[in-house]
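Structure first, then comments.
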Amino acid sequence: MNTRTVLAVLQDPVMALNVTGPLEVFAAAGPEAYRITTASLDGRAVRTAYGVNLRLLPDADLNDCESPHTLVVPGGPVDNPPNPRLTARLSELADGAERVVGICTGSFLLGAAGLLGGRQATTHWAFCDLLADRFPDTFVEPEPLYVRDGRVATSAGVTAGIDLSIALVEEDLGAEAALAVARELVVSRHRSGDQGQFDAHERGRRAQRDPLRQVQQWIADNPSDDLSVDNLARRAMLSPRQFARVFQDEVGMTPGRYVDRVRLDAARRRLEGSVDGLDEVARDTGYGSAEAMRRAFMRQLSIPPGEYRKRFRSTAAPGPAL
C-alpha cells in the first residue's frame, strides 16, 4: 500500500477539535495508509482556543517539513491577521502538496496564503460573510458541509471536518475503508459535502417574551396542525401584523420560515430514527403528502427524503429504508 503523508499545520491558538477530529480519521485508517505529522512555527507548543485550556506539542518545526500529500490547516480565531511567517510557509508547502484541506476557520489561513483566489470555499456559517469580505476573489459557499475545488478542500464548522476527512479516505482507499473508519469512530455514515449546515442559526432564536416562547413550543409539539400566522397570532393574543413583526424581531426569521424549519427538523428526526413510511412521516410533520415533503427537502437540503434516510438513519432503527 502506498502510504500518504498528512501534515497538520498548528497555528497559535488553534481549535482542538479541528486538529484531533480529522487526524483521528486518518489515524483510524491505519499507519500503512497515512503517516501523520503535526507542526508549528519553530516547533513550539500551541494553545487551544475558545475556552479549552490545553497546550499541544507538535511533532516538528514547520520550517523543517517537506510538502506532504495532504496538507491540513485547522482553524483558529480570525480577529487578528495571521502570522506572515506562517502564511508564507503555508504557501510554500501547499505548492508541493497533492491536497490542501482547510478545517473550519482554517479557510482564513488558506485565503491569507493566497490559496483561495478564484476558488469555491466554505467555513463555519458564522464566519462566511467575513471570509467573503476579507477575500473577495473567493466564491464563498455558506451552505455546504464541505467544498472541493480542484486540489483545495474546505469544511464548515467543527464536525464537518470529520465528514470531509472521511470523504478523503474514501477517495484514497474506497468506500469500504471509509465505512470501517466511520464505524471505528462511532460516527454515522459520512455526510456528503452538499448536505446543508444544520446549525442553531437556521432554527432561529428562542423568543424573550413568554407568549412567543409558548407559541414556539406549540409549533414544536404540533407540527401537523394549522400553523398559519392568523392561528399563531391568536395563540399569542396579538394581531397577525403585530405578531409577524414581533416574531421576526425576537426570533430572527418570519413565522412561516420558522414553521418550515421546525417541520423539516421533525421530519429529519423521524427519518433518522424510524422506519415509518414517507407518507406517514409527511402527514405527522405537517407536510400533508410525501411529495410536498420531497419538495421541501430538495428546496432546503438538496436531497430527497428517501436518500436522506439512507445516509443518516440511526442503526437503532432497523428495517428497510423507504
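Data overview
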quantity: Asp172 vs. criteria over 18 Å from Pro74 (Cα atoms) and either in a strand (DSSP E or B) or in contact (Cβ under 8 Å) with a residue 40 or more places away in the chain (or both); calculated: yes
quantity: Per-region count, the range 78-103, residues of a type in the set (A, V, I, L, M, F, W, C) and at pLDDT below 95; calculated: 1
quantity: Residue match in the range 92-105 (condition: under 24 Å from the mean Cα position of the chain (by Cα), surrounded by fewer than 23 Cβ atoms within 10 Å (Cβ to Cβ) and farther than 25 Å from Leu185 by Cβ); calculated: yes
quantity: Single match in Val25, Val52 (criterion: of a type in the set (Val, Ile, Thr) and part of a loop (DSSP other than H, G, I, E, B)); calculated: Val52
quantity: Subset of the range 112-126 that is under 14 Å from Ala153 (Cβ atoms) and of a type outside the set (Ser, Thr, Tyr) - its residue that is surrounded by the most Cβ atoms within 10 Å (Cβ to Cβ); calculated: Ala121
quantity: Options Ala94, Ala60; residue that is within 23 Å of Val169 (Cα to Cα) and without any contact (Cβ under 8 Å) to a residue 60 or more places away in the chain; calculated: Ala94
quantity: Pick from the range 78-111, criterion in contact with a strand residue (DSSP E or B) (Cβ under 8 Å, 6 or more places away or on another chain) and β-branched (Val, Ile, Thr), ranking: farthest from Leu131 (Cα to Cα); calculated: Val100
quantity: Residue check, Ala33 surrounded by 14 or more Cβ atoms within 10 Å (Cβ to Cβ), assigned by TED's automatic domain parsing to the domain that holds His124 and out of contact with any strand residue (DSSP E or B) (no Cβ under 6 Å at 6 or more places or on another chain); calculated: yes
quantity: The range 172-219 - residue that is farther than 17 Å from Ala244 by Cβ and of a type in the set (Val, Ile, Thr) and, of those, modelled with the highest pLDDT; calculated: Val181
quantity: Selection count where residues are among the hydrophobic types (A, V, I, L, M, F, W, C) and in contact with a Leu (Cβ under 8 Å, 6 or more places away or on another chain), scope the range 42-76; calculated: 8
quantity: Single condition Ser67 does not satisfy, out of (1) assigned to a loop (DSSP other than H, G, I, E, B); (2) farther than 30 Å from Glu184 by Cβ; calculated: (2)
quantity: Val281 vs. criteria closer than 18 Å to Pro211 by Cα, at pLDDT 95 or above and either in contact with a His (Cβ under 8 Å, 6 or more places away or on another chain) or surrounded by 14 or more Cβ atoms within 10 Å (Cβ to Cβ) (or both); calculated: no
quantity: Residues (more than 12 Å from Val46 (Cβ to Cβ) and part of a loop (DSSP other than H, G, I, E, B)) located in the range 1-22; calculated: Met1, Asn2, Thr3
quantity: Unmet requirement for Glu184, which otherwise passes all of (1) in contact (Cβ under 8 Å) with a residue 60 or more places away in the chain; (2) surrounded by 17 or more Cβ atoms within 10 Å (Cβ to Cβ); (3) more than 12 Å from the chain's Cα centre (by Cα); calculated: (2)
quantity: Any pair with Cβ under 8 angstrom, 6 or more apart, that starts in the range 108-126 at a residue that is at positive phi and ends at one that is part of a loop (DSSP other than H, G, I, E, B); calculated: Gly118/Asp137; Gly118/Thr138
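Rundown of residues vs (1) closer than 18 Å to Arg99 by Cα; (2) small (Gly, Ala, Ser), yes/no style:
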| position | (1), (2) |
| --- | --- |
| Ala8 | yes, yes |
| Glu32 | no, no |
| Ser40 | no, yes |
| Leu56 | no, no |
| Asn63 | no, no |
| Pro77 | no, no |
| Asn80 | no, no |
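The values are calculated or read from the model by the stated rules, or taken from the named source; none is laboratory data. These numbers were taken from a predicted model, which means no experiment stands behind them. Neighbour counts are summed over all protein chains in view; Cβ atoms, including those assigned to glycine, are modelled from backbone coordinates with ideal geometry.
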